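Engineer: Here you go, one structure.
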Amino acid sequence: MVANTTSAGPITAFLERLAGAIILLHGWRGALVTLLAGAATALSLAPLHISPVLFLTLPILIWRLDGSLPAPRKDGALPGTMAKAMAFFRTGWLFGFGYHLAGLYWIGAAFLVDAGEFAIFLPFAVVALPAGLAIFTGLGCALARMAWEPGWRRIAMLAATLTLAEMARGMLFTGFPWNLFGYAIMPTPMLMQTASLFGAYGVTWLALAIGGALALFSPEPMRRGPWLAVTVALIATHVGFGAYRLGTSETTTVEGVNIRIVQPAIAQEEKWLGTNEDEIMARYLDLTNANRGPKASSAADFTHIIWPESAFPFILTQRADRLSQIANALPDTTTLITGAMRVDESVESPSGGPAVFNAVYAIDGSGQILAARDKTHLVPFGEYLPFQNVLESIGLRQLTNLPGGFAQGQERSFIDLPDAPTLLALICYEIIFPGNALPAAQERPGWIVNVTNDAWYGQTAGPYQHLHQTRVRAVEEGIPVVRAANSGISMMIDAYGSSRGQLGLGQRGVVDAALPTPSPPTVFSSLGNLPVFVFVCLWIIALVGLAKAKPAKVV
């Protein structure tokens, strides 16, 4: 039986008219609407977290895909499979370009820190990266064309293929899983808890599956009830599970471990000036021993002090005087965990000198280095250049302006410290990779220390997005994260993504907090991304099989 849409209510009639108008758009008007819909989707991300936007923009993408098929040729021949796929790719690419352009605009701020040398590359960076990332969105839409059937099937197919495309974006070519669609429906700790089951990629499928529901309101008659019921059930489960998990979980703290996170708020353009060395050290040491009350009067009240990424404008191990300053500031019972550059004379950099690593040091109260770990996942163009020697020969430099770039660490290992649980140190964006934050085939650490320097990006959305992803990692793995950021946002994050103390962006000060305990191992920490990958592949295979077995029925 064909659904009766002619007697539908005013809201349904409005949505059908809107869908028809969007489907029939052609040329630059259609391209502009697609681009703007993608850009508007970024409003659902941090710091705004306007999640309902997703439920409006994804249907626009689906309607634009409905109307993107090329017209028959002048000789009456129908467009071939490749032409149809390319039409879907173009529409998906436009949507993805708008999404990443609006969501990653803040990257341009890093090119203005040393504007004299890098500002010329700002347009390329701000436009080229979104354009490249949009290829994955375009490919996901092109793949969806294989089973683009009326009604719920096209929504289900797009959810699966775009999830697969997002997984590819996060893993291929060093990976960049920033601003996954799933983050749009995880604005608060309660709505992050589903990630403990399926991870950010699983929540991405969920966001896409429920976000496209309004696309059922198209001019073509179709049954809407079942998929709308599924949508409501999925939303209720997502919200209900989060409320249940938080309501039935108790966060305790590790006995005898007290943390002070230092946020110096040093401007990036001042950070590497040798003339500021004394002032920078004085700021760190003053904050380390800041008096904030009877139980937080100095470093002696804390077992661990955390300083952010690349804290020093010099090589710490080459400066005995600075190590002595640190030793004088720390009692014997306190350990400093800090980001720093590490030089290894035994390893040669591409420029011919000794290799320099972006590292984390653990330093005891006598100034001795207890442990070190190097960053294993470097930022392309930020910390190194692909084809380093070739690009340096024509005068290009990565943003850190270090000849040869940073060397890549070889192993992501845990750090064992006296009187504290085993910790994992993750530097900057190493923490944004779902399922790839912890070393494989090792026991879970008791806590994660994430040191970062978001001062590159000023007062933009970038630091908020980075923090949001860090909180979701804590939920996925069920492990608390101690986040120390140069200019913010520093935070003590428990295993459920909740803040146990924080400092806002641009603020100078300290966060004092006890260390939360981990949650029991999560489903995601045990199984990782494989179940989601298998699930979306089976969805795609099943929907393609249905499409090829028989034409879709209008019922």
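Engineer: Which cross-chain or sequence-distant (5 or more) residues have an amide H under 5 Å from the amide H of Arg500, H modelled 1.01 Å from N in plane?
Structural biologist: Long-range HN contacts for Arg500: Met492, Ile493, Asp494.
Engineer: State, as an integer percentage, the relative contact order of the range 253-518 based on alpha-carbon contacts under 8 Å between residues 6 or more apart. Write down the numbers at each step before the final one.
Structural biologist: Working: 614 pairs, mean separation 55.3, N = 266.
Relative contact order here is 21 percent.
Engineer: Sort Ile326, Ile120 so the one with the fewest other Cβ atoms within 10 Å of its own Cβ comes first.
Structural biologist: Working: Ile326 24, Ile120 10.
With the sparsest Cβ surroundings first, the list reads Ile120, Ile326.
Engineer: Counting DSSP beta bridges with both partners in the range 253-518, what percentage is antiparallel, nearest 5? Mind showing how you got there, number by number?
Structural biologist: Details: 30 of 48 bridges.
Bridges in the range 253-518 are about 60 percent antiparallel.
Engineer: Checking the a/c ratio against 1.5 first, then a/b against b/c, what shape does the Cα gyration tensor give for the range 202-309? Don't skip to the end; give the middle numbers.
Structural biologist: Details: a/c = 6.09, a/b = 2.18, b/c = 2.79.
In terms of gyration-tensor shape, oblate.
Engineer: Oh, and also: What does the highest-first list of 23-30, 130-137 look like by mean Cβ count within 10 Å? If you can, show how the numbers build up before the last one.
Structural biologist: On the way: 23-30: 13.1, 130-137: 20.2.
So the order, starting with the most tightly packed, is 130-137, 23-30.
Engineer: Can you give the % of DSSP beta bridges in the chain that are antiparallel, to the nearest 5? Walk me through the numbers before you get to the answer.
Structural biologist: Numbers: 30 of 48 bridges.
In the chain, DSSP labels about 60 percent of beta bridges as antiparallel.
Engineer: How long are the semi-axes of the equivalent ellipsoid of the range 120-241, taking √(5λ) for every eigenvalue λ of the Cα gyration tensor, in whole Å from largest down?
Structural biologist: Details: eigenvalues 148, 82, 28 Å².
Calculated on Cα positions only, the semi-axes equal 27, 20, 12 Å.
Engineer: So, one more: How large is the charge dipole for the chain, taken about the Cα centre, if only the Cβ atoms of Lys, Arg (+1) and Asp, Glu (-1) carry charge, to the nearest 20 debye?
Structural biologist: Numbers: 35 positive and 37 negative charges, 585 e Å.
Here the size comes out at about 2800 debye.
Engineer: Give me the number: length gained by fully extending Arg29 to Leu228, i.e. 0.36 nm times residue separation minus the C-alpha to C-alpha distance, one decimal in nm. Mind dumping the intermediate values first?
Structural biologist: Numbers: separation 199, 0.36 × 199 = 71.64 nm, distance 2.98 nm.
In short, 68.7 nm is gained.
Engineer: Would you list Asp301, Asp332 from fewest to most Cβ contacts within 10 Å? Display every interim value, and only then the final one.
Structural biologist: On the way: Asp301 19, Asp332 10.
By the 10 Å Cβ count, ascending, the order reads Asp332, Asp301.
Engineer: Ordered by packing density, taken as the mean number of other Cβ atoms within 10 Å over each peptide's residues, highest first, how do 278-285, 463-470, 88-95 rank?
Structural biologist: 88-95, 463-470, 278-285
Engineer: Continuing with the same structure: According to a simple spin-label model (label point 7 Å from Cα along Cα-to-Cβ), what is the distance in nm between Leu36 and Ala282?
Structural biologist: A separation of 5.4 nm, rounded to one decimal place.
Engineer: Considering the zone a paramagnetic label at Ala296 would reach in this model (a point 7 Å from Cα along the Cα-to-Cβ line), which residues of the range 408-429 have amide N under 14 Å from it?
Structural biologist: Hits in the range 408-429 for Ala296 at 14 Å: none.
Engineer: How would you order 307-313, 169-175, 232-238, 147-153 from highest to lowest mean count of nearby Cβ atoms within 10 Å? Walk me through the numbers before you get to the answer.
Structural biologist: Working: 307-313: 23.1, 169-175: 15.6, 232-238: 13.6, 147-153: 19.7.
Order by mean packing, descending: 307-313, 147-153, 169-175, 232-238.
Engineer: What is the magnitude of the charge dipole of the range 211-360 about its Cα centre, with +1 placed on the Cβ of each Lys and Arg, -1 on the Cβ of each Asp and Glu, and no other charges, expressed in debye to the nearest 20? Spell out each step's value before the answer.
Structural biologist: Values: 11 positive and 16 negative charges, 169 e Å.
Value, rounded to 20: 820 debye.
Engineer: At 222 nm, what helix-only mean residue ellipticity would the chain give, in deg cm²/dmol to the nearest 500, using -39500 (n - 2.57) for each DSSP H run of four or more? Before the final figure, lay out each step's value.
Structural biologist: Details: 16 runs with 226 residues, N = 555.
Helix contribution divided over all residues of the chain: -13000 deg cm²/dmol.
Engineer: Quick one: compute the contact order of the chain, relative version, from alpha carbon pairs under 8 angstrom and 6+ residues apart, as a percent. Could the numbers behind the result be given before it?
Structural biologist: Values: 1120 pairs, mean separation 86.5, N = 555.
It comes to 16 percent, rounded to a whole number.
Engineer: Moving on. Could you tell me the relative contact order of the range 215-298? Use alpha-carbon pairs under 8 Å, at least six residues apart, and round to a whole percent. All intermediate terms of the calculation are to be shown ahead of the outcome.
Structural biologist: Details: 23 pairs, mean separation 12.5, N = 84.
Relative CO of the range 215-298 lands at 15 percent.
Engineer: Against the longest principal axis of the chain, how steep is helix 530-549, in degrees 0 to 90 to the nearest 10, with axes from Cα atoms?
Structural biologist: 10
Engineer: Separate question: How long are the three semi-axes of the equivalent ellipsoid for the chain, computed from the Cα gyration tensor as the root of 5 times each eigenvalue, in whole Å, largest first? Working shown, then result.
Structural biologist: Working: eigenvalues 438, 142, 74 Å².
Sorted largest first and rounded, they come to 47, 27, 19 Å.
Read-outs throughout are calculated quantities, based only on the coordinates presented, and are distinct from any laboratory measurement. All values reported here derive from a predicted model rather than from experimental measurement. Positions of Cβ are backbone-derived with ideal geometry, glycine not excepted, and every protein chain shown enters the neighbour counts.
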